[in-house]
Amino acid sequence: MSSDAMRDRKHAALQRLARLEGQVRGVIRMIEDDRYCVDILNQTLAIRSALAQVEVLILEDHADDCVEEAIASTNPEAQREKFRELVGIFEKICR
């Protein structure tokens, strides 16, 4: 995979995380200010959605770098390890 694509995803992930940091601070202020519960929950849902987008970017990098490298290595144990990692991540997502 192109290192440009990976660099772009890294940059996008860092930007999204910086925005998320601001959103979390905003939720803290909302709670401190005794804002309406539904408004707070809507903000936390937006944070979860944005964090999921960051996870997708990181997962794409993992697939394009680590998994691709294991496949190209023709090492069955390395391939199984990367496959198990992916399955483990998907199991956690499904919980």
field: Criterion violated by Gln79 - all others in (1) surrounded by 13 or more Cβ atoms within 10 Å (Cβ to Cβ); (2) modelled with pLDDT under 95; (3) within 19 Å of the chain's Cα centre (by Cα) satisfied
entry: (3)
- prompt: If we keep just the residues of the range 82-95 that are part of a helix (DSSP H, G or I) and surrounded by fewer than 13 Cβ atoms within 10 Å (Cβ to Cβ), which is modelled with the lowest pLDDT?
  reply: Ile93
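Matching residues to (1) surrounded by 11 or more Cβ atoms within 10 Å (Cβ to Cβ); (2) touching a helix residue (DSSP H, G or I) at 6+ places or on another chain (Cβ under 7 Å); (3) at pLDDT below 95; (4) over 24 Å from Ile89 (Cα atoms):
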| site | (1), (2), (3), (4) |
| --- | --- |
| Ser3 | no, no, yes, no |
| Met6 | yes, yes, yes, no |
| Tyr36 | no, no, no, yes |
| Ile40 | yes, yes, no, yes |
| Ala63 | yes, no, yes, no |
| Thr74 | no, no, yes, no |
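The values are calculated or read from the model by the stated rules, or taken from the named source; none is laboratory data. Because the structure is predicted, anything quoted here is derived from the model rather than measured. Virtual Cβ from ideal backbone geometry, glycine too; neighbours counted across all protein chains shown.
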